[in-house]
1. Would you check if there is a residue in region 7-19 being assigned to a loop (DSSP other than H, G, I, E, B) and not basic (K, R)?
2. Please list, ordered by first then second residue, the pairs with beta carbon atoms under 6 Å, 6 or more apart or interchain, first in region 2-29 and more than 17 Å from F61 (Cβ to Cβ), second small (G, A, S) and surrounded by 14 or more Cβ atoms within 10 Å (Cβ to Cβ).
3. Of a type in the set (F, W, Y) and under 10 Å from the mean Cα position of the chain (by Cα): does that describe F51?
4. Considering only region 40-52, I want to know if a residue exists there that is of a type outside the set (S, T, N, Q), touching a helix residue (DSSP H, G or I) at 6+ places or on another chain (Cβ under 9 Å) and in a strand (DSSP E or B).
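The values are calculated or read from the model by the stated rules, or taken from the named source; none is laboratory data. All figures in this text were calculated on a predicted structure; none of them were measured in a lab. Neighbour counts are summed over all protein chains in view; Cβ atoms, including those assigned to glycine, are modelled from backbone coordinates with ideal geometry.
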Amino acid sequence: MDKVAQYREYVQTLLNQYAKDHTSDDEVEVQLIFDTERDHYQWMNVGWQQFDRIYHCIIHFDIK
């Protein structure tokens, strides 16, 4: 396995491990975004808390 493929695996495992402890609720959803073609990886919280829009990037990785 080459280094980039190994990094992809590490990043995806890391994001899955952290995000599983922060499960989505009815109002705010945890979104994991894995763009393996361009090597962008993101954990987002998206939704609403009462009248406030939630759109937060928690972690963002790029493999260069």
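1. no
2. Within 6 Å, the pairs are E27/G47; V28/G47; E29/G47.
3. no
4. So the first thing to find is which residues in region 40-52 are of a type outside the set (S, T, N, Q), and the list is 40-41, 43-44, 46-48, 51-52.
Going one step further and asking which of them are touching a helix residue (DSSP H, G or I) at 6+ places or on another chain (Cβ under 9 Å), we end up with 41, 43.
Next, only the ones that are in a strand (DSSP E or B) stay: 41, 43.
Yes, region 40-52 has at least one match.
Every residue, every condition in (1) surrounded by 13 or more Cβ atoms within 10 Å (Cβ to Cβ); (2) modelled with pLDDT of 95 or more, yes or no:
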residue: Q12; (1), (2): yes, yes
residue: D25; (1), (2): no, no
residue: V28; (1), (2): yes, no
residue: D39; (1), (2): yes, yes
residue: F51; (1), (2): no, no
residue: C57; (1), (2): no, yes
